[in-house]
Each structure stands twice: as structure tokens, then as C-alpha cells.
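Inspection log for the structure reproduced underneath, given as C-alpha cells.
The values are calculated or read from the model by the stated rules, or taken from the named source; none is laboratory data. Keep in mind that this is a model prediction, so the values were computed, not measured. As a convention, Cβ positions derive from the backbone with ideal geometry for all residues, glycine included, and neighbour counts pool all protein chains shown. Heads up: the accessible areas ignore ligands, DNA and RNA and are worked out on the full protein's heavy atoms, side chains in. Shrake-Rupley method; radii C 1.70, N 1.55, O 1.52, S 1.80 Å.
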Amino acid sequence: MQLVLVVNSGSSSMKFQLIDLLTEQKLVRGLVEKIGTPNSRYRIISGNEIEQKEIEVKDHRGAVEIALDYLTHRSPVHLKSLQDIDGVGHRVVQGGSTFDKAAFVTPEVKEKIKEYGVMAPLHNYANLAGVEACEALMPGIPQVVVFDTTFHQTMAPEAYFYGIPYKYYEKYQVRRYGAHGTSHKYASEKALELLNMPKEGTKMIVCHLGSGSSITAIKDGKVVDTSMGF
């Protein structure tokens, strides 16, 4: 097995999955919600087994501790230790214009995530909290961040600039960054796979529909425009 723990830290929740990359099998998945409130709770599913409990979870570190405690003590996967996990992947919403691909977590990368938090205050700070919790509890295990904005970095300036004075971009970095990039990337690539079509010569519109929604125009596998700016 080649095990990767995937973490998605929200403003008051933390979702996670343990995946075997060799088989692409989702071994364990869980949700800790209402973090920071007295009525926090978690639900973890592994095969046919479900563990759920109401318990106060003060912060994202506490949420990560719940996940790791389950994985090393009660999971049917039977991890001997956290060292059985080969890496941790984190979803981060806003990567600004800096990141055009996934990145290993470093002090510089964490500083950028924090800096771009002003453009995604409900997300980036929580995402960073999850990263730092895993760093503290899983020392030595590689941490990687994947940004929702990365897939949209192929847009041309005429697509990502707004029709406002350029000084606002220079001073405040106001431009179209796009959202839900990991979803748009997966959906577009999966569609090409199912249709047995190459990236080259194809045009498609991809819709991400959830509590937040956006649409993206993709040509030759690359984003040319998208509906959501910040």
C-alpha cells in the first residue's frame, strides 16, 4: 500500500480520507464538524464500520487528533504507526498568482497561504490551521498543498483582469483567480476519459454546483475563462 491522508480543513469543520494510491481505494473517510463549539461531533466510516460521537473539539488540531487516533488505534486498516502514512495532501482555496502547481509545505509556502488569506478569509486561515496541525502531529511526513486557483492559472490577462483601473491590481491584487479548480480539473479530465477524447481540439464548459457554484470554459484541456473571480 501507498497511503496518503487527504485533509480539507474548513472554517468550522475538517474532512479527511485515507487513500491507497496504488489501488485508488478510499480506505477511511471522516468528518469533524462544529469545531470550536461545545456540541462538536465526528463521524468516521471505514468499510462497513461507522464510529460517531459528540465531543467538544476546540480547534483544528483537536480534529486532526481525532482522525489520527482512530487511524492508529481502531481503524480496520491497522496502521502500526503514523509512519505508515507516506504523505498528507491539503486543499487550499486561494493560491493567488504564485502557485501554478501543487507545492510541498515549507515556511515560505505557509507564509503565502497566510498572505492570500485576505482574499479568502473564511478558507485560507482554516486551511493553514489544518496544515500546521498535521505538521505538529506528524513530524517528518511530507505535506503537500493543492490550490483551488492553480487550474485557472492558464487564463490570459484579458480573461483575468477586470475593467477597472490597473492600480487596484498593483496595490490590492484584484483580478480573477477562479474557484473550485480541483473540481473543474477532475470533471474535465474525467469527461475526456469517458468520451475517449484527447485534450487537444476539445472545448467544454464545466459546472461546479454546490453551496458555492462556478462554471469554467476549457479549451485543449486548459482554462480560458471562469465565472468566479475571488
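Numbers below:
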{"item": "For segment 20-68, accessible area per residue (1.4 Å probe, heavy atoms of protein chains only), Å²", "result": "64 Å²"}
{"item": "Apportionment of accessible area to carbon and sulfur, segment 1-138, percent (1.4 Å)", "result": "50 percent"}
{"item": "Orientation-averaged projected area, Cα convex hull of segment 87-143 (nm²)", "result": "3.5 nm²"}
{"item": "Computed [θ] at 222 nm, deg cm²/dmol, the chain (DSSP H ≥ 4; -39,500 (n - 2.57); rounded to nearest 500)", "result": "-8000 deg cm²/dmol"}
{"item": "Cα pair distances in the chain, grouped into 5 Å bins until the bin that holds the longest one, percent each", "result": "1, 6, 13, 16, 17, 16, 13, 9, 5, 2, 1, 0"}
{"item": "Spin-label pair Q52/N39, simplified geometry with 7 Å Cα→Cβ offset, distance in nm", "result": "1.5 nm"}
{"item": "Packing rank of 213-221, 124-132, 190-198, 68-76, where each peptide gets the mean count of other beta carbons within 10 Å, highest leading", "result": "124-132, 213-221, 68-76, 190-198"}
{"item": "Farthest positive-ward along the chain dipole, Cα basis, beta-carbon charges - from N196, L18, V144", "result": "N196"}
{"item": "At most 12 other Cβ within 10 Å, DSSP loop - GluC sites (Glu not before Pro), segment 1-57", "result": "E24"}
{"item": "Size descriptor, Kirkwood hydrodynamic radius, that averages inverse alpha-carbon separations across segment 7-91, Å", "result": "13.1 Å"}
{"item": "Added length on full extension, which subtracts the Cα-Cα distance from 0.36 nm per residue, E115 to Q83", "result": "8.4 nm"}
{"item": "Mean Kyte hydropathy of -1.0 or more with a Cα span along the axis of at least 18 Å, helices from DSSP in the chain", "result": "60-73, 124-137, 181-195"}
